[in-house]
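Worksheet: one structure, shown below.
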Amino acid sequence: MNKYDSLTLKQQLNKEGHYWVEKPERAELIIVNTCAVRLHAENRALGRLKTLIGLKKRRSNIQIGIMGCVAQELGAKLFGILHGIDFVVGTDQVDVIADIASGVLEPATYTNVNSDFFGLDTSAFIPKNQVSSFVTIMRGCNNLCSYCIVPYVRGRERSKPEREILSEIQQNINRGIKEIILLGQNVNSYKYGNIYFHNLLRSIITINGVKRLRFVTNHPKDFSDEILDIVKEYSQIIPPAFHLPLQSGSDKILSAMNRKYDLKHYMKMIENIYQRFSNAAISTDIIVGFPGETEHDFKVTLETMRAVKFAGSFSFRYSVRPGTYAASLEDDVPEKTKIGRLQQIIDLSIKLAEKYSQELIGTVQQVLVNGIDKKDPSLFKGTAPSGRNVLIVTHKSLENGDIIPVYIESATAWVLKGRDNSLC
Ligand code: SAH
Ligand code: SF4
């Protein structure tokens, strides 16, 4: 989502006559977009800003600003933490940056909450030859998971009007995009008037030129059969690839996290998915070391991962976030234990990913071509419907955006390799 916000800002600044430089040393304006979801991400952003502020020693006319969730979280306090910063722009105020850049507005702190803000009124910047683009359909979150800072920094949930989404997608298609990736904290909670997420999917499908449609992320409590029905109907365009963050396999921890589902609900949903799509690619997020997580709770998470056969997992050590409910609980899992558990989750997720990929050997995958492999320029590369990267052996000259059948011959955890099957 931050990437999308940065790309829409880039597009807006470009439109207003500003241009991009490859190196910060050459810039007159530097903006760092930030994530506050874990302390580690926050510290990295602040460290990067400190380094960039160092550039002012040689060139005092550079303006440096911070945007995104850390800006929203810490606001004007950042002037005390980062000496030399010029402006702080929160998540609902991104539209002030163009005015700061052109000198219409003073560089200062802009962090007012505006719950009508749907993002900049422009689509994302699209580099030449790109085939996929993000489109944000909703912002914020009402779920208040006990560990999560998102509702405090991104604000309450609001859905972008359907007509704006369709028009943004049409603009992207006109600029050569073939694959649209819908974004939201919980895309399946989308609701604008009486339009729900599955209605939105149906409308997008009617746009000529959308060759592939994906969406992240889904909240397990809101994942409906209607979504599965439309994926079934249009699986050539909407692949059965679902990101469904589990967080923990233990009901005790899920309840303490305020996730609003239990393991039984989650597993029923998974069964439902596999019944319809035996080849579904299901991926997840896992947090280890949440307060109160015992060895038993952790083991149940590992077992659940095996039972679901996740094709991919993002895993995190629990990080205390100020202002959240969980921050009032004792962070009682020792750091060493958290690190050990995280490693076990990572090891298992690689094994499961490998298994998923290897099961694709001998199948033909419809691959969306998106370029040439950097390491071996004799190979084209693309993505399979599952989202896996694919290296393609072919004698033909493929174009970015082509969808071609590829016979998969080998696989590692994250990359498939095969030959162009249209040659057969
Ligand atoms: N809305 C999405 C998640 C958005 S945040 C959902 O609920 O599924 C992305 C991921 O960051 C979360 O799924 C969670 O696994 C992780 N995360 C969020 N807050 C965290 C924290 N305080 N510590 C560790 N991981 C966290
Ligand atoms: Fe955070 Fe929970 Fe909302 Fe996801 S659903 S953004 S984890 S509060």
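The values are calculated or read from the model by the stated rules, or taken from the named source; none is laboratory data. This is a predicted model, so every value here is computed, not measured. Cβ atoms come from the backbone with ideal geometry, glycine included; neighbour counts cover every protein chain shown.
Which of (1) at pLDDT below 95; (2) within 14 Å of ligand 2 (Cβ to nearest atom) does residue 248 not meet, given it meets every other one? Condition not satisfied by residue 248: (1).
When the strands (runs of 3 or more DSSP E) confined to the range 361-424 are screened for residues that are within 28 Å of the chain's Cα centre (by Cα) and either modelled with pLDDT under 95 or closer than 26 Å to residue 175 by Cα (or both), those reaching at least 2 such residues are found at 364-372, 380-383, 389-393, 403-411.
Of the residues examined, residue 162 is one that is farther than 25 Å from residue 89 by Cβ, among the acidic types (Asp, Glu) and more than 16 Å from ligand 2 (Cβ to nearest atom). Reported count of residues in the range 149-173, each being within 16 Å of ligand 1 (Cβ to nearest atom) and either touching an Asp or Glu at 6+ places or on another chain (Cβ under 6 Å) or without any contact (Cβ under 8 Å) to a residue 24 or more places away in the chain (or both), is 2. Scanning the range 291-314 finds no residues that are part of a loop (DSSP other than H, G, I, E, B), closer than 21 Å to residue 151 by Cβ, within 25 Å of the chain's Cα centre (by Cα) and not assigned by TED's automatic domain parsing to the domain that holds residue 387. I'm told residue 78 meets every condition in (1) within 16 Å of ligand 2 (Cβ to nearest atom); (2) buried (at least 19 other Cβ atoms within 10 Å of the Cβ) except one. Can you identify the failing condition by its number? Residue 78 satisfies all of (1) within 16 Å of ligand 2 (Cβ to nearest atom); (2) buried (at least 19 other Cβ atoms within 10 Å of the Cβ) except (1).
With respect to residue 251, determine if the residue is within 20 Å of residue 305 (Cα to Cα), without any contact (Cβ under 8 Å) to a residue 40 or more places away in the chain and not hydrophobic (A, V, I, L, M, F, W, C). So residue 251 passes the test. The number of residues in the range 174-222 being among the hydrophobic types (A, V, I, L, M, F, W, C) and within 16 Å of ligand 1 (Cβ to nearest atom) comes to 7.
Among the residues of the range 143-153, those identified as over 27 Å from residue 203 (Cα atoms) and part of a loop (DSSP other than H, G, I, E, B) are 144, 145, 146, 147, 148, 149.
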